[in-house]
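**Q** I'd like to ask you about the structure that follows.
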Amino acid sequence: MHPCNSPSAHTTCHIVRSLLFAPANRADLVLKFPRISADCSVIDLEDGTPVADKSSARRGLAELFLRTRESGFVGRLGVRVNAPNSEFFADDIKAAIECRADVILVPKVEKPDDLEPVTRAIQSAGVDIDVFAGIETAAGVLNAAQICRCAPELRAVIFGAEDLATDIGARRTVEGSEVLVARSMVLLAAKATRILAIDQAVVDIRDEALFKRDSEAGRNLGYDGKICLTPRQTELANLAFSPTNEEISYAERLIAHCRNAYTQGIGTIDFEGKMIDAPLIKRARDILYLRQFAHHDQAR
Amino acid sequence: MHPCNSPSAHTTCHIVRSLLFAPANRADLVLKFPRISADCSVIDLEDGTPVADKSSARRGLAELFLRTRESGFVGRLGVRVNAPNSEFFADDIKAAIECRADVILVPKVEKPDDLEPVTRAIQSAGVDIDVFAGIETAAGVLNAAQICRCAPELRAVIFGAEDLATDIGARRTVEGSEVLVARSMVLLAAKATRILAIDQAVVDIRDEALFKRDSEAGRNLGYDGKICLTPRQTELANLAFSPTNEEISYAERLIAHCRNAYTQGIGTIDFEGKMIDAPLIKRARDILYLRQFAHHDQAR
Amino acid sequence: MHPCNSPSAHTTCHIVRSLLFAPANRADLVLKFPRISADCSVIDLEDGTPVADKSSARRGLAELFLRTRESGFVGRLGVRVNAPNSEFFADDIKAAIECRADVILVPKVEKPDDLEPVTRAIQSAGVDIDVFAGIETAAGVLNAAQICRCAPELRAVIFGAEDLATDIGARRTVEGSEVLVARSMVLLAAKATRILAIDQAVVDIRDEALFKRDSEAGRNLGYDGKICLTPRQTELANLAFSPTNEEISYAERLIAHCRNAYTQGIGTIDFEGKMIDAPLIKRARDILYLRQFAHHDQAR
């Protein structure tokens, strides 16, 4: 089979260009999910919810899910539980499973064992829930490759630059070179196991230009999507993690040129000044696969 | 307990903002230690002392310690021994222990086993000496995570960019991107095990601007301190690795704002344009902890 | 022995500043090898040769080797076989050994086991063939340290940025920060095991300035040479990966100064504004070792 025609590696994945958070104790914000077109929306029991409110927020989770769904929300709905080393972890997992969350997001995963309770709970409940793991400590980054391999339910890792900066005592800069290595290592770990990689938050929620630059940098590294804290960030992430019109057009031209060359039995060929071979062709195919979501997004 | 009130992760560490070296065969330079306020001062039996002088320098070590202490030096005093694969290693360790050094610095550590003789010697002597490990070869960088975990006496790793550049055949540039990945990997390994990370030397000893830029880059990455080769570099390092007045002021404002929000039971909150959660608060607390040293430093 | 006089770590290696490829189904391009002074020239059965042509190209390999050698080519001649997970791998290895290739280049090596068939085939044929491994997937990068240690015949790793970008979904930029971490990790793995590291291709074959910048960046990182796609890229790579006249002159001055200091028994010394110790001296010696190839290159 010619490489232009083989199925894309992305075919079986849900895409997650935007991962939107709202605190579990802020029903007003959660109930806005239907009006924001995030690829995945997450109710946050962890850092967004104060310790004093965690128990009541957990008890209210089922009703919050119900109300969100009833208000017309058809997207993927997840729960961020508290960290594996916290007193809340076990109860949070139980609550998330009872709500039939689409996704359980486990923050501050530091080693493969940390995901074991989630996997076991999901399997014994006999439900189909995706697990996303937050990698946001030095230990987590160093163990990222093993973490990505450890759980069959694991579908995505999320790189948390703010928590990491705190853990390692880094000072955040605009260029972000203080987290570049960790950001790349988490990406490599995800891609080596064919799971999604979701990029860091931009906490300066009013700096749109920064969010755009940071999205582009993440997209360039190979990230599939980004943490979002506001409706506007969600829009920008959906745009940044979809192929551009130029990329789509280039991919179409290249694939056409390449099919033609293939018909004529020519191998390495020069197209618009570049040497073309298998990786370039595969990249073009991946872009054309993602094109459908870009169009869908513009339509809604 | 509210996160604003929990103890800092740094509480139990000696701080090492500046790690000053003088060759063991240069008593004149060692005896200047009392006049230079390095957080840790090290008598160097390794690269600073020529091979022909190593034996005599080692024999003179005890007297040099005595004279330095008698001349009024109250700081931490260490010895850099020769590398584990050298003929001098065993004798150097013995001499350092006999001198009751505060710190034994082992250069060119490449694997956990390299530290075993030091640990054994310290434990059988029944003394309390901290071990610092120099990570300055490709093998050392690749094994950094294991090295950091291997010895209970290990309190710090030191990233040696010059030796590393030689080992890997890199060409040193002003931006330093040729060592960025190694510099970050050593930092991550240190922070994953909660030991100190001390950054590379600047060998252009007359280029003050370069030292300032390089200190800031190291500080941004999360390094706790820096190798110093001169009195002036020591002053600059003490400054660069202390929190700035702006950071202290921001941390104070944030903690105050945050306590107030906590009292009112509000979770995720917006402070001066940033979304605040646990990592930001923890970072503020760490800065306020380090503040005391900055003040102490300005006073002396 | 004084460090100025000890033998260089590079002494036993063939140098590979330029690694030139031509597709196996393009005899016209292969037969140009004698006119291009690449340190190693490779006939490509992988991405350069279309699937439909692979069998015939493999059958024609022996004759192509013969014709290339007969046309006066005296350099090192290698074969890039297809990837370990392809149907062509076993037959390609067999053909390369029968041709008495100097080098077998295995692309897309992802784990140590991938090289096992090559090692076994070389050893059972009782021939002396070097193996080069292409590291160009996320899994390969994460396993690079183990891959470099696994096979005694392994003499070089090649960092393939284009294939890696496709594998991880990265978008290629001019600065290349999307592959910097992988590029550095592959370099560190190679240097930790004392094998050669060969840097990424520049597919914009008409952009000479880009090739120069990218060669310099690779050289700064510690790479020994670079993939080349054209005669002009080969010339530029040979130049970029040889020491400059300034470097040679500086190394000569430093070694002279240093021998002098050694004679006088002085240790750490200040030379042209820099603190000199063992790593600087070793770097100078390495440059003087490589000088011979630079001269040879200018002569031919």
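**Q** Could you run the Karplus curve 6.51 cos²θ - 1.76 cosθ + 1.60 with θ = phi - 60° over segment B:33-42 and give me ³J(HN,Hα) per residue in whole Hz, x for Gly and Pro?
**A** For segment B:33-42, the Karplus curve yields 3, x, 8, 10, 8, 6, 5, 8, 10, 10 Hz.
**Q** How many angstrom lie between the C-alpha centres of segment A:67-146 and segment B:194-213?
**A** The distance from the Cα centre of segment A:67-146 to that of segment B:194-213 comes to 42 Å.
**Q** For the Cα atoms of chain A, what angle does the longest principal axis make with the long axis of helix A:61-70, in degrees from 0 to 90, nearest 10?
**A** 50
**Q** Okay, next question. As I understand it, the value is the acute angle between the Cα axis of helix A:208-221 and the longest principal axis of the Cα atoms of chain A; what does it come to in degrees, rounded to 10?
**A** Tilt relative to chain A: about 60 degrees.
**Q** Additional query: Under 25 °C and 0.890 mPa s, how fast does the protein assembly as shown diffuse according to Stokes-Einstein, given a Kirkwood radius computed over C-alpha pairs? Answer in µm²/s, whole number.
**A** Using the Kirkwood radius from Cα pairs, D works out to 83 µm²/s.
**Q** Quick one: grab Rg to one decimal and Dmax as a whole number for chain B, Cα atoms only, in Å.
**A** Rg, Dmax (Cα atoms, Å): 20.2, 70.
**Q** To continue, here is another question. Any chance you could get the radius of gyration and Dmax over the Cα atoms of segment C:15-109, in Å?
**A** In order Rg, Dmax, the Cα atoms of segment C:15-109 give 12.1, 35 Å.
**Q** Between A:Phe21 and residues 5 or more places away or on another chain, which pairs have amide H atoms under 5 Å apart, with H built 1.01 Å from N, and which residues are they?
**A** A:Val42, A:Cys228
**Q** Counting residues in segment C:91-160 as N, plug N into 2.2 N^0.38 Å and put the Cα Rg over that result.
**A** This ratio for segment C:91-160 stands at 1.03.
**Q** Hey, what's segment A:58-160 come to in accessible area per residue, 1.4 Å probe, Å²? Mind showing how you got there, number by number?
**A** Numbers: 4260 Å² over 103 residues.
Per-residue value: 41 Å².
**Q** Based on DSSP H runs of at least 4 residues, each adding -39500 (n - 2.57), what is the mean residue ellipticity at 222 nm of chain C after dividing by all its residues, to the nearest 500 deg cm²/dmol?
**A** Theoretical 222 nm ellipticity from helices: -14000 deg cm²/dmol.
**Q** With a 1.4 Å probe and every protein chain kept in, tell me what percent of the accessible surface of segment C:18-240 is carbon plus sulfur.
**A** Looking at segment C:18-240 in its full context, I get 49 percent from C and S.
**Q** Remind me, what semi-axes does segment B:41-184 give for its equivalent ellipsoid, largest first in whole Å, using sqrt of 5 times each Cα gyration tensor eigenvalue? It would help to have the intermediate numbers written out before the result.
**A** Numbers: eigenvalues 140, 62, 40 Å².
Semi-axes from the Cα gyration tensor: 26, 18, 14 Å.
**Q** Beyond 15 Å, what share of the Cα-Cα pairs of segment C:33-84 is found? Please give it as a whole percent.
**A** Result for the distance tail: 48 percent.
**Q** Can I ask one more? For the Cα atoms of chain A, what angle does the longest principal axis make with the long axis of helix A:278-299, in degrees from 0 to 90, nearest 10?
**A** 60
**Q** Sticking with this one: Give me the accessible area buried between chains C and B, both sides summed, with a 1.4 Å probe, in Å² rounded to the nearest 100.
**A** Details: alone 14890 and 14880 Å², together 26980 Å².
Counting protein atoms only, the buried area is about 2800 Å².
**Q** Relative contact order for chain C: what percent, with Cα pairs under 8 Å and sequence separation of 6 or more? Display every interim value, and only then the final one.
**A** Details: 506 pairs, mean separation 51.5, N = 300.
Taking the mean separation of contacting Cα pairs over the length of chain C, I get 17 percent.
**Q** Continuing with this model, one more query. Toward the positive end of the charge dipole of the protein assembly as shown, about the Cα centre and with charges on Cβ (Lys, Arg +1; Asp, Glu -1), which of C:Phe271, B:Ser124, B:Ala83 goes farthest?
**A** Toward the positive end, the furthest listed residue is C:Phe271.
**Q** Enumerate the amide H contacts of C:Arg76 below 5 Å, restricted to partners 5 or more residues apart or on another chain; note that Pro and chain-start residues carry no placed amide H.
**A** C:Ser41
**Q** Here is a follow-up. Would you mind working out the magnitude of the charge dipole of segment C:18-240 relative to its Cα centre, with +1 at each Lys and Arg C-beta and -1 at each Asp and Glu C-beta, to the nearest 20 Debye?
**A** Once rounded to the nearest 20, the dipole reads 420 debye.
**Q** Give me a comma-separated list of calculated 3J(HN,Hα) values for segment C:78-91, in order, Karplus coefficients 6.51, -1.76, 1.60 applied at θ = phi - 60°, integers in Hz, x for any Gly or Pro.
**A** So the J values, rounded to whole Hz, are x, 10, 8, 7, 6, 5, x, 8, 9, 6, 8, 3, 4, 5.
**Q** Something else now. Indicate, rounded to the nearest 5 percent, the antiparallel portion of the DSSP beta bridges found entirely in the protein assembly as shown.
**A** 10
**Q** What is the set of long-range amide H partners of B:Gly134 at a cut-off below 5 Å, with H atoms built 1.01 Å from backbone N?
**A** Here the answer is B:Val106, B:Lys108, B:Val109, B:Ile158, since their amide H atoms fall under 5 Å of that of B:Gly134.
**Q** For a label point 7 angstrom out from the Cα of C:Asp128 toward its Cβ, which stretches of segment C:14-32 have the backbone nitrogen within less than 17 Å?
**A** Inside the label zone: C:14-15.
**Q** Once the principal axes of the Cα atoms of segment A:141-253 are found, what is the range along each, listed largest first in whole angstroms?
**A** 39, 33, 24
**Q** Hey, another quick one. Would you kindly derive the ³J(HN,Hα) couplings of segment C:142-158 from the backbone phi angles with the Karplus curve 6.51 cos²θ - 1.76 cosθ + 1.60 (θ = phi - 60°), listing them in order in whole Hz, with x for Gly and Pro?
**A** Those phi angles translate into 5, 9, 4, 4, 5, 4, 5, 8, 7, 10, x, 7, 6, 10, 7, 10, 10 Hz.
The values are calculated or read from the model by the stated rules, or taken from the named source; none is laboratory data. Keep in mind that this is a model prediction, so the values were computed, not measured. Cβ sites come from the backbone with ideal geometry, for glycine too, and all protein chains shown count toward neighbours. We work out accessible area using only protein heavy atoms, side chains counted, and drop any ligands, DNA or RNA first. Shrake-Rupley method; radii C 1.70, N 1.55, O 1.52, S 1.80 Å.
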